[in-house]
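**Q** Below is one structure. I have some questions about it.
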Amino acid sequence: MKKLETTFNKSLIKFYSKLLKLLLKNPSIVSFMRKTIKDQIKSSRTRNSWNEMGINVPPIVISSITSKCNLKCVGCYSNAKELNTENELSVDEYRNFLKQAQKLGIAINLLAGGEPFMRMDILNLAKEFDRMLFPVFTNGTLINEDVIDFLKNARNIIPILSIEGDKETTDSRRGNGIYDEVTDAMRKLNSEGIFFGVSATASSENFRQITSDPFIPNVMNWGAKIIFYEEFVPLKSGSDNLALNEVQREEFLQRIEEKTNEEKILSITLPGRDEKHGGCPAAGKGFVHLSPEGYLEPCPFAPFSIHNIRKTPLKEALNSGFFNHLRENHEKWVRKQGGCALWANREWVEKIRDNYTCQKPLYISE
C-alpha cells in the first residue's frame, strides 16, 4: 500500500517534468506547468501529512459530473448505468466537495460524464480552483467558439477529446460525422494555443489501429500533447468480445511503449502495467470515483458505494470500512479479461459492501 502511494506520487511529478520539456516552445503553457508542478508538490506534502495521521488521501478523483450526453456511443460505460439524471450534484454541493478535496491535498480531478461540457456551471466552478488540475474527458462536439474563449482563461481545465482511431472506426461507434467534428475541434484548440490531449478506448477491434501509423502522427499533427489509452471494460452484458484478452493486452502495451517513445508524445494507459506500481490504484490507493449523484466509489468501472458526499464528509467517506477492507485485501484484486480487477471480481466486492451500511444498490443493468 505504502509502496503504491509513494510510486504514484513520484510518477506524477516525473510525468509533469516530461510534459514541461515537450512544451518549451509555448511560454504561456510552460509558465502554467511550472506553477502546476509547484502546486502538485505542495498537495503531495499535504496528503503525506494526512496519511501520517492514518487518513488515506489519494492524489486523484475521477468525477462523473453528469450522465447526460448528446451522443449515444456503442459500448459507453455511462449508458450501461441506470442513473437518475434529475438528482445530480448542484454547483453548491460540488463546490463543497472541491473545498474538502483541496484541503486534503487532492490535486487532480478528472471530469467525465456523460458529456462534461453539458455542465458548464461545474466547469466555471472548476476554473476557480486553480491549484487543482481538471482534465475533461469530452466527445469534443460541444467545443464551440464560446467554449474556446472560456478555455483560454482556464488553463487548469484541460480538454481530452475522445476518438476511436480513423474516421470509419470513430463514426461507427460514435455516429456519422463525429470524426470530422472532433478533429476540427482539435485544430481550433491548437490554433488558439490551448493545451489538450486525446483519449482512445482500446478494444479487441481497434487496439492495433490506435497504437500505430497514421493514428499517433495524426494526433501530434492535430496538436495534442497527451494520449490517454483506456482498456475497454465490458460493463454491459454481451460486450465481452470487445475486451482485450491477455495476449492482445500484452501486445497493446508493448506497442504503446515502442510507438510513443519513438514519436516523443506522452501517453497514459489505464490500467496499464499497474503491477509495476503495486497493483490497481482504485479504492483510494491512487484514485476514487465520484458519481453524478454524489456517491463515492472505488472506480468508474466498479460502481459500489456506501457513502454519498451530500451526507458524509469526504475524509470520512475515503476512510470508510468498505474502502479500507478493499485496500487491505488488495491481493484478491485479480484481473481477468476486461481491464478492471474490481469489476471482474464484483461478486466479492458486493459481499464486502453489503457487510457495511449500504445506501444504494448496484446500478448496473445485466
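**Q** Given Cα pairs under 8 Å that are at least 6 residues apart, what percent is the relative contact order of segment 78-167?
**A** RCO, segment 78-167: 27 percent.
**Q** For the pair D171 and N96, what calculated FRET efficiency results from E = 1/(1 + (r/R0)^6), where r is the Cβ-Cβ distance and R0 = 56 Å, to the nearest 0.05?
**A** The computed FRET efficiency comes out at 0.90.
**Q** Let me ask something additional. Considering only L110, I157, N96, whose Cα is most displaced toward the positive end of the charge dipole of segment 96-187, charges sitting on Cβ of Lys, Arg (+1) and Asp, Glu (-1)?
**A** N96
**Q** A further question on this structure: State, as an integer percentage, the relative contact order of segment 224-348 based on alpha-carbon contacts under 8 Å between residues 6 or more apart.
**A** Working: 144 pairs, mean separation 32.7, N = 125.
After rounding, I find 26 percent.
**Q** Among the GluC sites (Glu not before Pro) within segment 62-168, which fall in a DSSP loop and have no more than 13 other Cβ atoms within 10 Å of their own Cβ?
**A** Passing both the DSSP loop test and the Cβ count: E82.
**Q** Determine, for each peptide in 155-161, 297-303, the mean count of other beta carbons within 10 angstrom over its residues, then list the peptides with the highest first.
**A** Packing proxy ranking, top to bottom: 297-303, 155-161.
**Q** Can you pull the three principal axis extents for the Cα set of segment 111-190, in Å, largest first?
**A** Largest to smallest, the principal-axis extents are 39, 22, 17 Å.
**Q** Work out the FRET efficiency for E205 and D146 from their Cβ-Cβ distance, taking R0 = 51 Å, and round it to the nearest 0.05. Could the numbers behind the result be given before it?
**A** Values: r = 35 Å, r/R0 = 0.70.
After rounding, the FRET efficiency stands at 0.90.
**Q** A further question on this structure: Would you mind checking the pairs K35/K285; K225/K264; K152/K264; K285/K332 and listing those with alpha carbons more than 20 angstrom apart?
**A** On the way: K35/K285 25 Å; K225/K264 9 Å; K152/K264 25 Å; K285/K332 15 Å.
Cα-Cα > 20 Å for K35/K285; K152/K264; rest within.
FYI, it's all coordinate maths here, none of it is from the lab. Since we're looking at a predicted model, the values are computed, not measured. All Cβ positions, even for glycine, are placed from backbone atoms using ideal geometry, and neighbour counts span all protein chains on display.
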